[in-house]
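For reference, the structure discussed in these notes is given below.
No value in this document is a laboratory result; all are computed from the given coordinates. This structure is a prediction, so every number in the text was calculated from the model and none was measured. All Cβ positions, even for glycine, are placed from backbone atoms using ideal geometry, and neighbour counts span all protein chains on display.
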Amino acid sequence: MDETSAGSPAWGQAVVIGGGYAGLLAARTLADHFAEVLVLERDVMDRETGAHPSAPQGYHAHAMLAKGAEVLEELFPGLRAELEALGAPVFDYGERISFLLPTGYATRTTTGVRVQCFTRDELERRIRGRVLDLPPVRLLGGVRVQGLGRAADGRIGSVRYRTAAGEELEADADLVVDASGRTTAIDEWLTGARLPVSARNTVKAKITYTTMVFDRTTEPQEYDLAYQMSFAPSVRRGGAMLAVENGRWVCSLFGFEQHPPTDPDGFLEYARTLDNPRLAEHIARRSSHDELHRYTNPGSTWRLHHRNPGWPEGLIAIGDALCVFNPVYGQGLTVPAIETDMLGSLLRRRRAAGTGLAGLSRDYLRRAAAIIKVPWSLSTTSDLMWSESDRPLAARFAHWFNQQVFALARYDADVWTRFVRVANMTAPSSLLMHPSVLTKIARRAVSGR
């Protein structure tokens, strides 16, 4: 228990729907403030389970942005060193990286932004073990949530679920967290509780990615991450290759309305069509590889719970259950970490002040919307440019502005560092609107170069 809440009694029981990455982070934070934290998970899992078995994207390359890594280290002290001991490298984002922008390679420079590469599988395994060691946390696997129960005052006060044996049970809850991912049944649960369904923002960008995990050679490497950015409308193919734990590479090739092959030979040939040759070079050198996996993400979806006038108290959402990002931009692990950090701050303040949980849901959802707004804007303004007809003026300007930043980033270390900090969510987007950057963009526009 932290000092700010010392002396304040813990609340009764919190129920987390979903035992994947976001659910684990939520359970970790709630364990500081509730006597019991019940995690309801549809898959059978234990402390050795890695990536969520029902999450198809779990097989693919994941980027933990610097801000997300900071939060994880606060929640799980020593996690970075634990992963590094397994061979998951830690490096400066501007040094050991081969980053091909649509305008050319980004300059190599020290940015001060430290990142780490690892597989989603190992990350979840390490986090899950730590969370399940917490005394308040109890995991029930192989169960299906059937609906939400309302208390006399209208708040959500329980969760109904069915066990693998077919038994119907109900768990009382002072707070319910929907962490059930992109396939959440929240609309059905709200309708069943006679509550209005939230509106959604959806931006379609059908990106398909195929991933191979293979062995790293023992020879020294110049970089730990090689990347080619896809960029509407002309750069339809891209890829990311990350050095991860246990001496392996994880390489995801992706394409807009294209399908990177799932056979090894076809996968290599697709990589050879990229303008960054480093991915194909290492794929060709492999001596072994795991099974290839493919997943198609239809786009980004933000459930606007904060605008739902009938949203009940006692219920919040986190991670993909709240907002699904296009995975190409690497925001899906970091945003729920920041949401969890914010939730922890709200709970600490309320316990310290003795104000209880009344009003928490709306407060949390408003603040979560503010967290989501920037990464949502960064990713969807680019995705909107894939459309030949629906290109809003704001998206066109943002797209043009990004092109100018990318052009400068080929040789300007300051501009590239600013972009890296914004992309890693360690600085506000206004950092790229600094007068020094705007002056350089204006000069470039006037000169035509």
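Below are the figures for this structure:
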{"quantity": "Most mobile of ALA27, ALA284, ALA317 in a GNM of the chain (Cα contacts under 10 Å)", "calculated": "ALA284"}
{"quantity": "DSSP loop GluC sites (Glu not before Pro) with at most 10 other Cβ within 10 Å: longest gap in the chain", "calculated": "168-290"}
{"quantity": "HN-Hα J in Hz across segment 320-336 - Karplus 6.51, -1.76, 1.60, θ = phi - 60°, x for Gly and Pro", "calculated": "5, 5, 9, 8, 9, 9, 4, x, 4, 8, x, 9, x, 8, 6, 4, x"}
{"quantity": "Length-normalised contact order for the chain - Cα pairs under 8 Å, 6+ apart - percent", "calculated": "20"}
{"quantity": "Student exercise, segment 1-144 dipole from Lys, Arg, Asp, Glu Cβ charges, in Debye to nearest 20", "calculated": "380"}
{"quantity": "Value of Rg to Rh for the chain (Rh from inverse mean 1/r over Cα pairs, i.e. Kirkwood)", "calculated": "0.97"}
{"quantity": "The chain: most fluctuating residue of VAL44, VAL213, VAL405 per GNM, C-alpha cutoff 10 Å", "calculated": "VAL44"}
{"quantity": "Degrees between helix 360-383 axis and first principal axis of the chain (Cα, 0 to 90, nearest 10)", "calculated": "20"}
{"quantity": "DSSP bridge pairs, the chain: antiparallel proportion in percent, nearest 5", "calculated": "70"}
{"quantity": "Alpha carbon centroid spacing (whole Å) that separates segment 294-324 from segment 80-125", "calculated": "29"}
{"quantity": "For GLY19, residues with placed amide H under 5 Å, excluding near neighbours", "calculated": "ARG42"}
{"quantity": "Under-5 Å amide H pairs with ARG216, H placed in peptide plane, nonlocal only", "calculated": "ARG248, TRP249"}
{"quantity": "Built amide H within the under 5 Å cut-off of LEU139, gap 5+", "calculated": "VAL39"}
{"quantity": "Angle between the chain longest axis and helix 120-132 axis [Cα atoms, degrees, rounded to 10]", "calculated": "30"}
{"quantity": "Per-pair calculated FRET efficiency, R0 = 22 Å: TYR105 and ARG272 via Cβ, rounded to 0.05", "calculated": "0.75"}
{"quantity": "Helix 393-409 axis, angle to the chain major axis (alpha carbon atoms, nearest 10°)", "calculated": "60"}
